[in-house]
Amino acid sequence: MRMSALLAPTLRETPAEAEIPSHRLMLRAGLMRKSAGGIYTYLPLGYRVLKKIMAIVREEMDAAGAQELMLPIVQPAELWHASGRWSDYGDEMFRLKDRHGRQFCLGPTHEEIITDLVKNEVRSYRQLPINLYQIQNKYRDEIRPRFGVMRGREFIMKDAYSFDRDVEGLERSYDLMYRAYERIFARCGLKAHPVLADPGAIGGNDTHEFMVFAESGEAAIVHCERCGYAANVEKAEARIPQASPPREDVPAPCEISTPGVRTIDELEAFLQASPERMIKTLIYLADGAPVAALVRGDRELNEVKLQRALGASNLAAAPPEVVERVTGAPVGFAGPVGLKGARILADHEVVAIDDGITGANKADTHLVHVRYGRDFTADAVVDIRTVVAGDGCPACDGVLRATRGIEVGQVFKLGEKYSRALGATFLDESGEERYFVMGCYGIGISRTMAAIIEQHHDEDGIIWPYSVAPYHAAIVVIRPEDDRQRSIAEDLYDRLWQSGVEAVLDDREERPGVKFKDADLIGFP
Ligand code: ATP
Ligand code: MG
């Protein structure tokens, strides 16, 4: 390719809207342009990178025994009604109607479509396992599209779906994908770490997210350098401290007057007491029923964990009128002692507080000298707090550290969630109908491109790993008008291509400095 003919509109200035390096550099190096919020055009250089990432993904998926197909982007609403996700997906789904008034969506993901396909086409256990994948645009009307293609509304995903006859089969399929993902990201020059994650609304059980550690990452992660434990904070656990034997000398609880003191900070200032002794009592509505969640005063409640512990499909902080009805006191004075109107879930650490302070369920009043087991109990003692850096690793004696991550891929054990919802069965050896046991596996292709740049750049531009570089080398002709320079460059160019090196020839009538700057910016290895 000759630079004089290449559409690679590089920019000297840093575009104001771009907050992170990959977004800035993708615009500056002329890899892409914005069309609307979260919707982009890939220019020739950017598209070459995408194609190389896709080629790596295809090779590894094929090697793992998966088969490529292409599912429709426009999907009928009926299948989504059957799975219950037509409403669950909410505003993130792009919806449309055809001329007859029939409803469709632009696929945000493809579990419904693929399950329906396999339900109709695969009848016997002899055809299993099967893993089908595609690489295609996905559509999600994200609340906050940002960071360029990192969080787009139209983006490219590889999505694969495995179908097995039983859970052991799913374990094998999952493991194959997990290992294929490790190879894919390594081949893309990315350091991506598998971390445990919460399955969330998609349903199912085990799941790992492949995270690229980066300041700009939107996911909070903790990890242990000692044993390699790594988890999304939504999911992460901490080592549960050994409870020390209870102190005998704690007096009975007594009320103290705390006028207008509602928050942990205010209580700390007012009583000059450590928040580690305080029992924070938060009232929620779980599927409409009130729940009191107790965590230590210095901790954050983790709503994802709470929802999971409750098995609730809907969880929201209770409005003030509900708090008042349940506790008999205005917001800010809730506590577990004598609390009747709500299920109580206590975090492990609350049980270990032997001389606690908490709300008295009475306006402007708190209780001191409160202890679990003696003064109150809970319906369940569970892990519902958010872990923080410095917590003990749950898997070894190490200490957890906090980082941020970009989720470039996810592998997921779905189980029978979709096959049951859509009635997708096969016949086993004894002729009995059984539900397919499914897994699903996504990679954000366009996000991976941005993540590679986050890990490989300097102040002058991108530094592409060879495997995904748009071109491998640039031949910069200092004086194109000099015939000798030109012919040497042309010769070199031909020979590079013949030996498999994809080269560009910068034959533009520009100053050498401009050409070197562009070469640095675009990042030819
Ligand atoms: P996130 O938590 O970042 O919103 P997700 O968990 O909803 O992502 P999945 O449904 O697991 O995403 O999709 C599989 C992969 O697709 C993700 O691991 C990510 O790499 C990519 N992806 C998801 N949403 C976007 C988006 N809006 N823009 C670009 N890539 C995305
Ligand atoms: Mg995900």
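Some notes on this structure:
- Taking the Cα centre of the chain as reference, the dipole from Cβ charges on Lys and Arg (+1) and Asp and Glu (-1) amounts to some 920 debye.
- For Val233, neighbours were defined as the other residues whose beta-carbon sits under 11 Å from its Cβ, and their charges (Lys and Arg +1, Asp and Glu -1) total -1.
- A straight line joining the Cα centroids of the range 420-487 and the range 155-222 runs 15 Å.
- Charge dipole magnitude, Cβ of K and R +1, D and E -1 - the range 27-122, Cα centre, debye nearest 20: 740
- Within the chain, percent of DSSP bridges classed antiparallel, to nearest 5: 80
- In degrees, nearest ten, helix 445-455 long axis to first principal axis of the chain (Cα): 90
- Backbone phi angles across the range 321-338, fed through the Karplus curve with coefficients 6.51, -1.76 and 1.60 (θ = phi - 60°), yield HN-Hα couplings of 5, 6, 4, 5, 5, 6, 9, x, 9, x, 4, x, 10, 6, x, x, 6, x Hz in residue order; Gly and Pro are listed as x.
- Helix 167-187 and the longest principal axis of the C-alpha atoms of the chain enclose an angle of approximately 50°.
- Descending by average beta-carbon neighbour count within 10 Å, the peptides 390-396, 166-172 line up as 390-396, 166-172, the highest first.
- Range of Cα positions in the range 14-102 per principal axis (Å), largest first: 46, 40, 25
- Taking amide H positions as modeled 1.01 Å from N, with prolines and chain starts lacking one, the residues under 5 Å from Ile357 and 5 or more places away or on another chain are Met278, Ile279, Val370.
- Per residue accessible area in Å² of the chain, where ligands, DNA and RNA are left out and the probe is 1.4 Å: 46
- Distance distribution P(r), the range 45-196, all Cα-Cα pairs, bin width 5 angstrom from 0: 2, 8, 15, 17, 20, 17, 13, 6, 2, 0 percent.
- Karplus (6.51, -1.76, 1.60) ³J(HN,Hα), θ = phi - 60°, over the range 253-266, in Hz, Gly and Pro reported as x: x, 9, 7, 10, 7, 9, x, x, 9, 10, 9, 4, 4, 5
- Cα-based helix-to-principal-axis angle, 44-63 vs the chain, degrees rounded to 10: 70
- Simple spin-label estimate for Arg374 and Arg239 gives 2.8 nm between the two label positions (7 Å along the Cα-to-Cβ direction from each Cα).
- The chain, accessible surface, carbon-and-sulfur percent (1.4 angstrom probe): 49
- When the Cα positions of Ser22, Gly260, Thr386 are compared along the charge dipole of the chain, Ser22 comes out farthest toward the positive end, with charges on each C-beta of Lys, Arg, Asp and Glu.
- Potential lengthening between Val250 and Glu481 on full extension [0.36 nm per residue; Cα-Cα distance subtracted]: 74.0 nm
- Between Gly405, Ile453, Trp464, the Cα set farthest toward the positive side of the dipole of the range 372-471 (charges on each charged residue's Cβ, about the Cα centre) is that of Gly405.
- Simple spin-label estimate for Arg58 and Arg511 in nanometres, 7 Å along Cα-Cβ: 4.3
- Using a simple spin-label model with pseudo-atoms 7 Å out from Cα toward Cβ, Ala36 and Lys340 lie 5.6 nm apart.
- Over the chain, dividing the summed -39,500 (n - 2.57) contributions of all DSSP H runs of at least 4 residues by the number of residues returns a 222 nm mean residue ellipticity of -8000 deg cm²/dmol.
- For the range 98-158: rounded, prolate or oblate by the Cα gyration tensor [a/c cutoff 1.5]: oblate
- Taking every C-alpha pair closer than 8 Å and separated by at least 6 residues, the mean separation divided by the residue count of the range 282-341 gives a relative contact order of 34 percent.
- Amide H contacts of Asn302 (H built 1.01 Å from N, in plane; Pro and chain starts excluded): Arg385, Thr386 sit under 5 Å, all sequence-distant by 5 or more or on other chains.
- Relative contact order (%) - the chain, alpha-carbon pairs under 8 angstrom, separation at least six: 19
- Full-extension gain in nm, Glu433 to Asp364, via 0.36 nm per residue minus C-alpha separation: 18.6 nm
- Computed packing ranks the peptides 262-274, 90-102 as 262-274, 90-102, most packed first, by mean other Cβ atoms within 10 Å.
- Taking a ≥ b ≥ c as the square roots of the eigenvalues of the Cα gyration tensor, the range 421-467 is classed as prolate, since a/c reaches at least 1.5 and a/b is larger than b/c.
- Isolated cysteines of the chain, defined as having no other cysteine beta carbon under 4.7 Å away, are Cys105, Cys188, Cys254, Cys440.
- Computed from the C-beta positions of Glu168 and Arg123, the FRET efficiency with R₀ = 35 Å rounds to 0.95.
- Compactness of the chain, expressed as Rg and Dmax over alpha-carbon positions, Å: 28.4, 97
- Charged side chains reduced to their Cβ positions (Lys and Arg at +1, Asp and Glu at -1) give the range 363-409 a dipole of some 120 debye around its Cα centre.
- Shape class of the range 330-461 from the alpha-carbon gyration tensor: oblate, with a/c at 1.5 or above and b/c at least as large as a/b.
- Here Glu13 and Tyr178 are evaluated by their C-beta separation; at R0 = 35 Å the FRET efficiency comes out at 0.25.
- Over the range 210-320, the ratio between the Cα radius of gyration and 2.2 N^0.38 Å evaluates to 1.37.
- For Val504, the residues 5 or more places off, or on other chains, whose built amide H falls under 5 Å of its own are Ala473, Ala474, Ile475.
The values are calculated or read from the model by the stated rules, or taken from the named source; none is laboratory data. Bear in mind the structure is a predicted one, so any value in this text is a computation, not a measurement. Note that we place each Cβ from the backbone using ideal geometry, even for glycine, and neighbour counts take in every protein chain shown. SASA here: full protein model, heavy atoms, side chains in, ligands and nucleic acids out. Shrake-Rupley method; radii C 1.70, N 1.55, O 1.52, S 1.80 Å.
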